[in-house]
Amino acid sequence: MTLFSKIIAGNIPSYKIAENDLYYAFLDIFPAAEGHTLVVPKIEVDRIFDLPTQYLAGMLLFAQPIAKAIQQAYPCDRVNILTLGFEVPHTHIHLLPMNSMADAALMDNKKAATPEALAAAQQKIQSFLQA
């Protein structure tokens with residue numbers, strides 16, 4: 001069972017942003033920027049392009065309202081998707097608020113966020129999901 005499967009199962013706490021039958025979105029506890037969110041399928045597949053087609057296509061549809069909520073919560077030029085996938089062998093995408101190409105380098109300088117900062121980010125993003 002991967003770290004992300006343990007998070008999805010509730011065995012490891014997370015700052016959940018959204019969930020449905022197929023996907024789970026939660027805040028990265030080592031964010032590259034405020035609002036940095038991970039979206040994972042509820043099936044364990046290591047590489048994104050090994051996902052069954054319905055999961056691969058559905059992942060973007062699930063992520064879309066979350067990305068829009070992040071952009072409202074943390075005004076930025078855009079919310080980009082990064083699919084690095086080396087940290088945990090479970091397909092995931094990073095939703096990252098960015099203003100320029102230089103912001104991609106933020107992934108190299110991730111720092112632990114405090115529980116208070118994560119709870120505030122969770123509430124802020126979720127408030128725009130419900131709007």
Residue in region 45-64 that is surrounded by 15 or more Cβ atoms within 10 Å (Cβ to Cβ) and under 21 Å from residue 13 (Cβ atoms) present: no
Elements of type strands (runs of 3 or more DSSP E) contained in region 1-51, each with 2 or more residues being touching a residue at least 12 places away in the same chain (Cβ under 8 Å) and under 12 Å from residue 94 (Cα atoms): 23-27, 37-41
Residue count for region 72-113, restricted to those that are more than 21 Å from residue 8 (Cα to Cα) and not acidic (Asp, Glu): 21
Options 96, 84; residue that is open to solvent by 20 Å² or more (accessible area, probe 1.4 Å) and either assigned to a helix (DSSP H, G or I) or of a type outside the set (S, T, N, Q) (or both): 84
Filter result (open to solvent by 50 Å² or more (accessible area, probe 1.4 Å), small (Gly, Ala, Ser) and touching a helix residue (DSSP H, G or I) at 6+ places or on another chain (Cβ under 8 Å)) within region 120-130: 127
Residues satisfying the stated conditions in region 11-44, i.e. farther than 30 Å from residue 75 by Cβ and open to solvent by 60 Å² or more (accessible area, probe 1.4 Å): 11, 21, 42, 44
Selection within region 1-54 - in contact with an Asp or Glu (Cβ under 6 Å, 6 or more places away or on another chain) and aliphatic (A, V, I, L, M): 38
Residues of region 99-119 that turn out to be without any contact (Cβ under 8 Å) to a residue 40 or more places away in the chain and open to solvent by less than 60 Å² (accessible area, probe 1.4 Å), as a count: 3
Any hit, region 79-98, residues being charged (D, E, K, R) and under 15 Å from the mean Cα position of the chain (by Cα): yes
Within region 9-49, tally of residues that are farther than 20 Å from residue 110 by Cα, under 10 Å from the mean Cα position of the chain (by Cα) and not hydroxyl-bearing (Ser, Thr, Tyr): 1
Any pair with Cβ under 9 angstrom, 6 or more apart, that starts in region 67-89 at a residue that is at positive phi and ends at one that is open to solvent by 50 Å² or more (accessible area, probe 1.4 Å) and not polar (S, T, N, Q): 85/46; 85/47
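The values are calculated or read from the model by the stated rules, or taken from the named source; none is laboratory data. Bear in mind the structure is a predicted one, so any value in this text is a computation, not a measurement. All Cβ positions, even for glycine, are placed from backbone atoms using ideal geometry, and neighbour counts span all protein chains on display. Just the protein is used for accessible areas: all its heavy atoms, side chains included, with ligands, DNA and RNA removed. Shrake-Rupley method; radii C 1.70, N 1.55, O 1.52, S 1.80 Å.
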